[in-house]
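The values are calculated or read from the model by the stated rules, or taken from the named source; none is laboratory data. Remember, predicted model here, so these are calculated numbers, not experimental data. No Cβ is skipped: glycine too gets one built from the backbone with ideal geometry, and neighbour counts run over all protein chains shown. The accessibility values were calculated without ligands, DNA or RNA, using every heavy atom of the protein model including side chains. Shrake-Rupley method; radii C 1.70, N 1.55, O 1.52, S 1.80 Å.
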Amino acid sequence: MPKTQTHFAPKKSRPATRGIPFEVVTGRQSRLYVPHRSRHVPASEWTNYARPAPEAWKSIAEAKGFRIHRRIRDRLHLALECRSCGSLTAHKAFTLRTAQPRCGGCAEAVLVDEARRAGLIFLRRDARDHHYALYRAGCGHVVRRQFEFVARVAAGQTDLRCERCLIARETDEARRQGWARLRRDPDGNLNYRLHRHACGQVQRIARVNMAWGQCKCRTCGGAWNSKASFIYLIRIEVPERGLHLLKLGFSKHPVKRLRHQLGLPRTARVELVRTLPIATGHDACALETAAHAKVRHRMPEAVVPVAAYADVVNTKSEIYAPLAFAEIMRLMDAIEATHSVASPPVQSPTQNRPRNSRQMA
C-alpha cells in the first residue's frame, strides 16, 4: 500500500532584518558581514571567485531584496548587496535559493538603534559570545551586555547599571561608615557584600544597610549584634481557643521575650522548650533566618496562617503547627553542633501566664 502522505503547513519566512549578530571582515575595500557560524574562516579567504553567478540566482536575489555583488571564497558563496542599506553580506547560494537571507548591515542598524534608545553607544560585537556586544555607557565606561537585555532596556522593562560605577559607589559608602568593601557576597546573595571593619572584623552586610549606615560591627560595635544571644523554641497553648503553636526565634533574653513581648492572654500556657547560646546577635539572626527558610521549604503545611493567631500572639510570622516540632529540633541540633557556644542554660520550666506584674518580677 502506498505510504500516507502528511501535509505540513509551510513555515513562515523569517524577517529579513533581525538583531542577529554577524562578524565583520575587515581589511577590505568594503565591509563584508559574515554570519557568526562562519566566524572561524579567516579574512584572507573571503576573496573574489572569478566566475559569474547564474542568471537564475540573480532573479532570486532581486525578488528577496538583494543584488548579487560577486561570488566569493568558492563556488558556493555569494556577496549579496542589500537594496535597503547597501551593505554586503556573505551567504551560501543554498541559503539564497531556499530561505530569506539576512542582511548584516540591517541587523547591525537595529542593534545600534536599540543601544541609542537604551542610552548606550554600540561599539562592537563580543568576540567570545555572539549573543553579547560591548557598549559605552553614559558614564563613559565600556560595559558588556546581551543583545536581548539591551532590547529590554530600550523598551523600558529594566535599567542598566555600570559595574564599575556601582563598585565605586559602594566603596565610597563603606569608607564613610568606617568599612572597606572587599568583594561580592561569597554566598552569592546579590543584596549583600563582604566588608572589613577598621578593627579587622570581616562581615557580610546588606547593601541597603551600608548605604544608610545601619552596619554595626559584631565584634566592637557595642550593639545587639555584637552581644551574646540565644535561639529559642517555645510551645504556646491557648486552651479556650484550641491553639497549639510553636515559635522559633532569637533573643538576648528568651524568658523576657515570652513573658513581656508576645502579648499572650493570661490563660496561655508557655513552655520554653529549648535554647541555644550563640556568640553574637548577628550570628543568631542569620542562623534563625536560615532555619525559618528551611522549615517553610520542607514543611509548608506547618506554617500557621497569621489570621489564626493574630489576636493572640504579637507577631506576624515564625509560628508553626506542632507537626513541625521534630524538624525544628533537627535544625537546632545542627546549629548546636556547629555554632553554639558555652553559656549557662536558660531555665525553661512549663508555666502558666502570670496574672499580675508582681508575679512577673
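Of the residues screened, ARG75 is one that is surrounded by fewer than 21 Cβ atoms within 10 Å (Cβ to Cβ) and under 21 Å from ALA43 (Cα atoms). Looking only at residues in region 190-213 that are of a type in the set (Val, Ile, Thr) and closer than 19 Å to ASP283 by Cβ, the one that is surrounded by the fewest Cβ atoms within 10 Å (Cβ to Cβ) is VAL202. With respect to being at positive phi and open to solvent by 40 Å² or more (accessible area, probe 1.4 Å), ARG102 falls outside the description. Just one of the listed residues (ARG235, ARG181, ARG196) is under 30 Å from ALA310 (Cα atoms), over 20 Å from the mean Cα position of the chain (by Cα), at pLDDT 90 or above and in a strand (DSSP E or B), namely ARG235. Going through (1) touching a helix residue (DSSP H, G or I) at 6+ places or on another chain (Cβ under 9 Å); (2) assigned to a strand (DSSP E or B) one by one, ARG144 falls short only on (1). Residues in region 121-130 that are surrounded by 13 or more Cβ atoms within 10 Å (Cβ to Cβ) and within 23 Å of the chain's Cα centre (by Cα) were compared, and the one that is modelled with the highest pLDDT is ASP126.
Determine whether region 205-213 contains at least one residue that is of a type in the set (Phe, Trp, Tyr), farther than 30 Å from PRO305 by Cβ and either without any contact (Cβ under 8 Å) to a residue 24 or more places away in the chain or assigned to a strand (DSSP E or B) (or both). Scanning region 205-213, I find at least one residue that is of a type in the set (Phe, Trp, Tyr), farther than 30 Å from PRO305 by Cβ and either without any contact (Cβ under 8 Å) to a residue 24 or more places away in the chain or assigned to a strand (DSSP E or B) (or both), so the answer is yes. Need the failing condition index for ASP187 against (1) surrounded by fewer than 12 Cβ atoms within 10 Å (Cβ to Cβ); (2) closer than 30 Å to VAL112 by Cα, just the number. Going through (1) surrounded by fewer than 12 Cβ atoms within 10 Å (Cβ to Cβ); (2) closer than 30 Å to VAL112 by Cα one by one, ASP187 breaks only (2).
For the residues VAL143, VAL150, the requirement of being at pLDDT 90 or above, of a type outside the set (Asp, Glu) and out of contact with any strand residue (DSSP E or B) (no Cβ under 6 Å at 6 or more places or on another chain) singles out VAL150.
This table checks each residue for (1) farther than 12 Å from PHE22 by Cβ; (2) not small (Gly, Ala, Ser).
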position: SER84; (1), (2): yes, no
position: ALA93; (1), (2): yes, no
position: ARG102; (1), (2): no, yes
position: ARG117; (1), (2): yes, yes
position: PHE122; (1), (2): yes, yes
position: ALA127; (1), (2): yes, no
position: ALA133; (1), (2): no, no
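Remark: GLY119 matches the filter, which requires a residue to be of a type outside the set (Val, Ile, Thr), within 23 Å of ARG145 (Cα to Cα) and in a loop (DSSP other than H, G, I, E, B). Does ALA174 satisfy the condition of being open to solvent by less than 70 Å² (accessible area, probe 1.4 Å), under 30 Å from LYS64 (Cα atoms) and either without any contact (Cβ under 8 Å) to a residue 60 or more places away in the chain or touching an Asp or Glu at 6+ places or on another chain (Cβ under 7 Å) (or both)? In short, no. Criterion applied to ARG70, ARG37, ARG117 was being open to solvent by 30 Å² or more (accessible area, probe 1.4 Å), touching a helix residue (DSSP H, G or I) at 6+ places or on another chain (Cβ under 6 Å) and either within 30 Å of ALA154 (Cα to Cα) or among the charged types (D, E, K, R) (or both), and the one residue passing it is ARG117.
Only one of the numbered conditions (1) closer than 17 Å to ARG31 by Cα; (2) open to solvent by less than 10 Å² (accessible area, probe 1.4 Å) is violated by LEU96, and that is (1).
Checked against the criterion of being at pLDDT below 90 and either of a type outside the set (S, T, N, Q) or more than 15 Å from VAL273 (Cα to Cα) (or both), the candidates VAL295, VAL313 yield just one match: VAL313. Taking ALA302 as the residue in question, decide whether it is modelled with pLDDT of 85 or more, buried (at least 21 other Cβ atoms within 10 Å of the Cβ) and under 14 Å from GLU318 (Cβ atoms). Considered against the rule, which asks whether it is modelled with pLDDT of 85 or more, buried (at least 21 other Cβ atoms within 10 Å of the Cβ) and under 14 Å from GLU318 (Cβ atoms), ALA302 comes out as no.
So SER251 passes all but one of these: (1) small (Gly, Ala, Ser); (2) surrounded by fewer than 21 Cβ atoms within 10 Å (Cβ to Cβ); (3) more than 18 Å from ASN314 (Cβ to Cβ). Which condition number does it fail? The failed condition is (3).
Among residues of region 231-243 that are closer than 30 Å to GLU336 by Cβ and in contact (Cβ under 8 Å) with a residue 12 or more places away in the chain, those with a Cβ under 8 angstrom from a residue that is aromatic (Phe, Trp, Tyr) and open to solvent by 50 Å² or more (accessible area, probe 1.4 Å), sequence gap 6+ or separate chain, pair up as ILE231/PHE250; TYR232/PHE250.
The condition (being over 30 Å from ARG144 (Cβ atoms) and of a type in the set (Phe, Trp, Tyr)) is satisfied by just one residue among TYR33, TYR49: TYR49.
Can you tell me which residues in region 32-77 are among the aromatic types (Phe, Trp, Tyr) and part of a strand (DSSP E or B)? Explain how you work it out, then say what you get.
As a first pass, look at region 32-77 and keep what is among the aromatic types (Phe, Trp, Tyr): 33, 46, 49, 57, 66.
Passing the criteria: TYR33, PHE66.
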